[in-house]
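Worksheet: the structure to be examined is printed underneath.
Where a number appears in this text, it was derived from the coordinates with a stated rule and is not lab data. For clarity, every value in this text was computed on a predicted model and none was experimentally measured. Here the Cβ is made from the backbone with ideal geometry for all residues, glycine too, and neighbour counts use every protein chain on show.
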């Protein structure tokens, strides 16, 4: 997809505003996660779909300690016991 440029200035904290037209077009909403990468000398911004941190499942997700976990992995973790400690 190629579009006419929508110039934005980077502020003193390194932030930019994604134009409302692009957010609507790409269904990017407040609270969504986006990922930045570099490709062929360009900055690429992609919307991240919510997925389980461990297995990548996209359904039945809950948040645990700022990570998304599916019901299956949550059950596995519940039965795993405490994490190992360093000696």
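Tabulated data for the structure shown
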| read-out | value |
| --- | --- |
| Alpha-carbon gyration tensor eigenvalues x 5, square-rooted, for the chain, Å | 36, 16, 12 |
| Region 1-48, relative contact order [Cα under 8 Å, separation at least 6], % | 23 percent |
| Residue order, fewest to most beta carbons within 10 Å, for 43, 69 | 43, 69 |
| Residue of 26, 77, 13 that the Gaussian network model of the chain assigns the largest fluctuation, springs spanning Cα pairs under 10 Å | 13 |
| Taking only Cα atoms of region 1-48, radius of gyration then Dmax in Å | 11.4, 30 |
| Structure-based [θ]222 nm, the chain - -39500 (n - 2.57) summed over DSSP H runs of at least 4, per residue, nearest 500 | -4000 deg cm²/dmol |
| Per-pair calculated FRET efficiency, R0 = 25 Å: residue 47 and residue 77 via Cβ, rounded to 0.05 | 0.40 |
| For the chain, built as a Gaussian network whose Cα springs stay under 10 Å, the top-fluctuating residue of 34, 16, 45 | 16 |
